[in-house]
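What follows is a single structure, written as structure tokens, with notes after it.
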Amino acid sequence: MTTAGLHRPAPGSFPETAATRRRRAAAGWRRTRLYLVSRRVPTALVLLAGLGALLWAALRWRWNIAGGAAARQFIPLTVEAGAAALIAVTTYGPFGEPERAAGRWLPVLRLAAAVALTGIAFGLLAAGAAAAHISAAGAAPAGLPGGTLLRNLGGMAGVGLLSAVALGGAFGWAGPMAYLVVTEAALAHGSVTPWVWPTRPPYDRGAAVCAGLVITAGLVLITVRGPREPGGDPGPA
Amino acid sequence: MTAATSAPARPRAPRVTRALPLGAWRLLRVELRRNAMPWMLPLVAALFWFDSYRPSTQTEPLYVVRTFWNMGQGHTIVDFAPFGAAVAAWMGSRDGRRGLADLVTTAARPRWVAQLATWAATAIWAVAAYLLFVGLMFAMYARQGVTGTPPWWWVAVGAAAVTALTAAGFAVGAFWPSRFAAPAAAFGAILVLLMSSQTGFHHGDGWAMILPTNSNGSFQNDSGISYPWLPDLPIARIMFLAGITAAVLGLTGLPARAGGPGLRRAAAAVVAAGLALAGTGVGLVSTARLTAEGMAIPALHDAADDAPIAYTPACGRAAGVPVCLNPAYGRWLPAITGALAPVLAEVAGLPGAPARAAQAATTYTGSSIEGGPPALSDGGPPQAAALAGQPPVLRLYLGMLNMPGPCGFCDGPVGGTQFAGQLRLLFAHAFVGAGSSPGSPVQQVVQATLLRGAGIPFAAQPRLMGSTDNFPSPSSKSALGPVFAAAGRLAALPAAARHAWLAAHLAALRAGRLTLRDLP
């Protein structure tokens, strides 16, 4: 017995031609595009770009008011929480059961969209912070190191994804906003638990681990379970 | 057939039996039942506990101190309003998101009226929950024995702020029926409130006093203890917030689909009235001035609010001298009599020694405003102890001090020994007549000697002066130099000789006429 025969197509099946592959790629692209449109990802991208511009303006013209840590960080943190809220809300889907029943690629699309949007949000906010530093000829504070931004944004996006799993995609914004209030209170009172990672200094290992755990948990749960849907358990996607 | 039945039917005017027609009540009831706000309340409750209640329990059990963070700096509003605004945006965008806008436009009831019912249901949930949570917090305070009067006017400001932000959020949702309306409303509300907090820290007068989270001129000292909370600023803020509420709700009635021309004209009038009300509020706070009892607005001020709160004092004795306090401070009476007893014993029998000690109302000085001199002081920092009257009475302005126990705005709890040392220092400083200045060298010598006699060694005194709020410390950071050398010599005298010297020279000492050479 040899394996030569395995290269032959099974009796009755059609060989995969270039045209078939093209059709599959087109179907995949169409599926992805429809998924993104149904989740209002284009609108989210526009709003994320707006948040990047807001961060640029806030750092460029020093909107931050002098004071303690809560005062110094509140605009960057609010922008990061806003971006995380947008990412969480994009998990909301209008189709419910029919989509879950028919779409076997849904978990992959949810994971890919969440990761891509978090990456894009990081890029836009980092660009806003860097542009402010450059356009002020270094006069604007470079107070938003990339590592800190990634940690804070990533962790908050994780909080948003978790709240989408718990509350539903439409209310996924509640997690990051609540986390922002908690963070501001912790900064005002000098609390430094790593679970409130923005209170920790840049490159703090404990804070990075906690933020990493939260984004990982958020991605896993949003991939496997999807956002909670009104009227009952979402069930497996 | 009777005449009655053959009489022509006469249309009867409908009797008005309720303020709102039955249909409107039913609509409101349906909206209340199907509102998303109750689902958000557990999260808000957790935030309220974490951000508003928990930090306040680490402070002195006086309402003015307990509520400084959560009511004065508006954290109860920060915990509530963004979520209220976001849910209102979600509810306001409902018809648009579901593609029902055309359908509801053709319904019997005008669209604006239906929208107002949706907003009202959201606002009722949010404000009712706000009042419930604040009420529970105050009940907990009462159970913990917190004294003073709760700042009820500021509770009303909070409720007005929650209402205004739900209205603003609702307008966002009504004009932008998107799933992103809710996070955008929450983001906007939180940005506005935190900006308001940060701006409020630095502005003690002018337009910024309208900001609902600006605590300047409102939460100092003995408000609600010795004198009532002034309602002027809260009334102006409520006017402003009510104006904002009316204006943004009126805006939702302006589009063509909102209703007929009459209704839209009414909506335009509501917008104009709201803007006028908000503008009046801003104008009124611009005329606010800091008085001894807080921010007063001449056009709103009622002289009856200046009357002190009557009370039966809580009294004790220190070295035979009666010491009377406001009952709100009664829990600290043993600590105060214990602290004053050694220094009062030292000066007993001297012609200028106090015949009694009594708490006096601490007035507003504006000293909490960063970057500016105290607005009402006479130059130097106000002192928490002063001698006045004939026979002399020791007046204690305890509102200026951090009392023993938990202290939320210090580095840590205030210990009994630390407090006693501060009170003895303040008494000795007042006794030598140094006022708001560090005092003449001889006054400093006598102050140091009195403190040493009360059990505070010279070496510990510079540190004690540095740690006492508002104390006009001399430049020396150590117990060295001619002042402490002279104090050592004075302290080495027998008590009777020291007493006799003080009796002979007290008037000259207080007048600042003595030099170090005049000391024995």
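The values are calculated or read from the model by the stated rules, or taken from the named source; none is laboratory data. All values derive from a computational prediction rather than experimental measurement. So basically every Cβ, Gly included, is an ideal-geometry build from the backbone, and we count neighbours across all protein chains shown.
Points to keep in mind about this one:
- Those residues of the range A:193-211 which are of a type in the set (A, V, I, L, M) and loosely packed, with under 15 Cβ neighbours inside 10 Å, in sequence order: A:V209
- Failed condition for B:A167, given (1) within 10 Å of chain A (Cβ to nearest Cβ); (2) aliphatic (A, V, I, L, M); (3) buried (at least 22 other Cβ atoms within 10 Å of the Cβ): (1)
- Check on B:L136, over 24 Å from B:A246 (Cα atoms), in a helix (DSSP H, G or I), modelled with pLDDT under 95 and among the aliphatic types (A, V, I, L, M): no
- Of all the residues in the range B:258-292, those that are more than 30 Å from B:S215 (Cα to Cα) and out of contact with any helix residue (DSSP H, G or I) (no Cβ under 8 Å at 6 or more places or on another chain) number 5.
- Residue match in the range B:287-302 (condition: assigned to a helix (DSSP H, G or I) and either modelled with pLDDT of 90 or more or aliphatic (A, V, I, L, M) (or both)): no
- Search result, residues across the range B:350-361 that are at pLDDT 90 or above and crowded, with 18+ Cβ neighbours inside 10 Å: B:A353, B:P354, B:A357, B:Q359, B:A360, B:A361
- Single residue of the range B:170-198 satisfying the filter (within 7 Å of chain A (Cβ to nearest Cβ) and either part of a helix (DSSP H, G or I) or touching a strand residue (DSSP E or B) at 6+ places or on another chain (Cβ under 6 Å) (or both)) that is farthest from B:A81 (Cα to Cα): B:Q198
- Residue within the range B:203-220 that is within 13 Å of another protein chain (Cβ to nearest Cβ), part of a helix (DSSP H, G or I) and under 30 Å from B:L290 (Cα atoms) present: yes
This table checks each residue for (1) modelled with pLDDT of 90 or more; (2) part of a strand (DSSP E or B).
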{"site": "B:V323", "(1), (2)": "yes, yes"}
{"site": "B:G338", "(1), (2)": "yes, no"}
{"site": "B:P342", "(1), (2)": "yes, no"}
{"site": "B:A345", "(1), (2)": "yes, no"}
{"site": "B:G366", "(1), (2)": "no, no"}
{"site": "B:D378", "(1), (2)": "no, no"}
{"site": "B:P382", "(1), (2)": "no, no"}
{"site": "B:A386", "(1), (2)": "yes, yes"}
{"site": "B:A420", "(1), (2)": "yes, no"}
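- Selected residue (criterion: farthest from B:V64 (Cα to Cα)) from residues of the range B:193-210 that are in contact (Cβ under 8 Å) with a residue 24 or more places away in the chain and of a type in the set (A, V, I, L, M, F, W, C): B:W207
- Subset of the range A:25-75 that is of a type in the set (V, I, T) and within 16 Å of the chain's Cα centre (by Cα) - its residue that is nearest to A:H133 (Cα to Cα): A:V46
Table: residues versus (1) of a type outside the set (D, E, K, R); (2) over 21 Å from A:P176 (Cβ atoms); (3) within 14 Å of chain B (Cβ to nearest Cβ).
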site: A:G28; (1), (2), (3): yes, yes, no
site: A:A49; (1), (2), (3): yes, no, yes
site: A:R62; (1), (2), (3): no, yes, yes
site: A:P107; (1), (2), (3): yes, yes, no
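- A:F74 meets each of the listed conditions (1) without any contact (Cβ under 8 Å) to a residue 12 or more places away in the chain; (2) buried (at least 24 other Cβ atoms within 10 Å of the Cβ) apart from (1).
Per-residue answers, yes or no, for (1) at pLDDT 85 or above; (2) over 29 Å from B:A182 (Cα atoms); (3) at the interface with another protein chain (Cβ under 10 Å from one of its Cβ atoms):
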| site | (1), (2), (3) |
| --- | --- |
| A:A136 | no, yes, no |
| A:S163 | yes, no, yes |
| A:T199 | yes, no, no |
| A:P236 | no, no, no |
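- Checking each residue in the range B:25-38 for being loosely packed, with under 14 Cβ neighbours inside 10 Å and part of a helix (DSSP H, G or I) picks out B:W25, B:R26, B:R29, B:V30, B:R33, B:P38.
- Each residue in the range A:78-101 was checked for being at pLDDT 90 or above, in contact with a Leu (Cβ under 7 Å, 6 or more places away or on another chain) and not in a loop (DSSP other than H, G, I, E, B), and 10 of them qualify.
- Hey, B:A88 in contact with a helix residue (DSSP H, G or I) (Cβ under 8 Å, 6 or more places away or on another chain) and of a type outside the set (V, I, T) or not: yes
- Among the residues of the range A:186-207, those that are within 24 Å of B:D79 (Cβ to Cβ) and in a loop (DSSP other than H, G, I, E, B) comprise A:G190, A:S191, A:V192, A:T193, A:P194, A:W195, A:V196, A:R200.
- Any hit, the range A:102-113, residues being among the small types (G, A, S) and modelled with pLDDT under 90: yes
- Residues of the range A:88-102 that turn out to be on the phi < 0 side of the Ramachandran plot and more than 10 Å from chain B (Cβ to nearest Cβ), as a count: 9
- The condition (being surrounded by fewer than 24 Cβ atoms within 10 Å (Cβ to Cβ), in contact (Cβ under 8 Å) with a residue 12 or more places away in the chain and over 30 Å from B:T213 (Cβ atoms)) is satisfied by just one residue among B:A108, B:A129, B:A114: B:A114.
Let's see how each residue does on (1) closer than 19 Å to B:E346 by Cβ; (2) surrounded by 19 or more Cβ atoms within 10 Å (Cβ to Cβ):
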position: B:P413; (1), (2): no, no
position: B:G416; (1), (2): no, no
position: B:F427; (1), (2): yes, yes
position: B:S440; (1), (2): no, yes
position: B:Q444; (1), (2): yes, yes
position: B:F484; (1), (2): yes, yes
position: B:A497; (1), (2): yes, no
position: B:L506; (1), (2): yes, yes
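- Residue match in the range B:289-304 (condition: surrounded by fewer than 19 Cβ atoms within 10 Å (Cβ to Cβ), of a type in the set (D, E) and at negative phi): yes
- Identification of helices (runs of 4 or more DSSP H) wholly contained in the range B:39-106 with 1 or more residues that are within 10 Å of chain A (Cβ to nearest Cβ) and within 26 Å of B:V146 (Cα to Cα) yields B:75-92.
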